[in-house]
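Engineer: Input: one structure, supplied below.
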Amino acid sequence: MSLSNADSLLSTLRGLVPTGTAAAASTPSAQQIKQAQETLRKLKLEMVQFNTTPPFSQDQLPDIRRVLSVQREMLEFACFLSLYSKDVNAFERYITQLKVVYNDFATFMPVSQQQAPLLGLYLLCLLSQNRIADFHTEYELMCHTVFCSTTGGNTGAASSVPPSPTARSLVSSSALLSSAHITFPVSLEQQLMEGAYNQVLSANQKAPLPIAKLFMDQLAETVRNKIADCSELTYESIAKDDLAKLLMMPAGAELDGFISGRGGWELKDGRVKFNRKEEGPAVEITAMKTIKQTLEYATELERIV
């Protein structure tokens, strides 16, 4: 099993695509990105010939481990390259493949230095698209994987009840969960749920990797739309300068573009008027009837238990 061609192509990618903390030092040029994409295409074709489907014989393990290591690094480069190309869909495809390697072969290979940065970027990606349910699913799966690795996978034992994903004992004991790349999107999600939008908007400069700006800009747009939705329900109109402070946006062309992009907003004499949608007729809820039904449900549930 020869990996000489794959190693050569991988070496070329290392020189073209900055990863992890190296991504802060430089951004590849358009020519470098194009060259890296062509190299990645050749590397994927090279790796197709290797079979890494279990089971493996004992004699095959060293070779399989080398192949999996090359595949993992190839997918990591593919993830970073897709972000430099601003191709979020490609990033999600590659990270989905990469998570299989991270999770299924966690005990088979040493931990990759790119695991925390890439998983953190994926959490930011979900957050920026307001996919809160997917965000929680990914983070809890991450916590479950960490918990299983510390308990040897014996999650059925009474003493091995998984703690809360936010439990300090679980986070502090894991290099992955306590990494700044993971704690940063987790804290952003908590601020979103608390409605601390100003903290979310001011967090752009605190991202662990500059490449995260792609998602931070999208997250800022999502948050500003949330603030705008709340403002429509709270005010009939608002001064343009006050709206700029709420959105943490300069009161210039950028704000004018945001106002014009919101359907029904009207800017006149320095004030922004919100044209609210007419609400339908209120639905009357009889309090005593609702209370009676709730008590009946509780009584029936108690009988069942």
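Engineer: Looking at (1) surrounded by 14 or more Cβ atoms within 10 Å (Cβ to Cβ); (2) at pLDDT 90 or above, can you tell me which one THR145 breaks?
Structural biologist: For THR145, the exception is condition (2).
Engineer: Does segment 256-271 contain at least one residue that is part of a loop (DSSP other than H, G, I, E, B) and within 30 Å of THR27 (Cα to Cα)?
Structural biologist: Within segment 256-271, not a single residue is part of a loop (DSSP other than H, G, I, E, B) and within 30 Å of THR27 (Cα to Cα).
Engineer: When the residues of segment 73-129 are filtered to those that are within 16 Å of the chain's Cα centre (by Cα) and acidic (Asp, Glu), which remaining residue is farthest from LEU141 (Cα to Cα)?
Structural biologist: Here the residue is ASP87.
Engineer: Does SER160 meet the test of being modelled with pLDDT under 80 and either within 21 Å of LEU10 (Cβ to Cβ) or surrounded by fewer than 14 Cβ atoms within 10 Å (Cβ to Cβ) (or both)?
Structural biologist: no
Engineer: If you check every pair at least six apart or on different chains, which have Cβ atoms under 6 Å apart with a residue in segment 53-77 that is farther than 12 Å from VAL101 by Cα first and a residue that is assigned to a helix (DSSP H, G or I) and modelled with pLDDT of 85 or more second?
Structural biologist: Final answer for the pair search is PHE56/ILE64; PHE77/LEU13.
Engineer: Answer yes or no as to whether ALA282 is of a type in the set (A, V, I, L, M), modelled with pLDDT of 85 or more and more than 30 Å from ALA244 (Cα to Cα).
Structural biologist: When the stated conditions are applied, ALA282 does not pass them.
Engineer: Test of understanding: among LEU243, LEU233, which residue is buried (at least 18 other Cβ atoms within 10 Å of the Cβ), without any contact (Cβ under 8 Å) to a residue 60 or more places away in the chain and either aliphatic (A, V, I, L, M) or assigned to a helix (DSSP H, G or I) (or both)?
Structural biologist: None of the others qualify; the one that does is LEU243.
Engineer: State all residues of segment 41-88 that are modelled with pLDDT of 90 or more and outside any helix (DSSP H, G or I); if no residue qualifies, say none.
Structural biologist: SER85, LYS86, ASP87
Engineer: Run THR294 past the list (1) exposed (fewer than 13 other Cβ atoms within 10 Å of the Cβ); (2) at pLDDT 85 or above; (3) under 30 Å from PHE80 (Cα atoms) and report the number of the one that doesn't hold.
Structural biologist: Failed condition: (3).
Engineer: Sticking with this one: Identify the single condition in (1) at pLDDT 85 or above; (2) surrounded by fewer than 16 Cβ atoms within 10 Å (Cβ to Cβ) that SER179 does not satisfy, given that it satisfies every other one.
Structural biologist: (2)
The values are calculated or read from the model by the stated rules, or taken from the named source; none is laboratory data. Computed from a predicted model, the values in this text were never measured in an experiment. Using ideal geometry, Cβ is built from the backbone for each residue, glycine included, and neighbour counts are taken over all protein chains shown.
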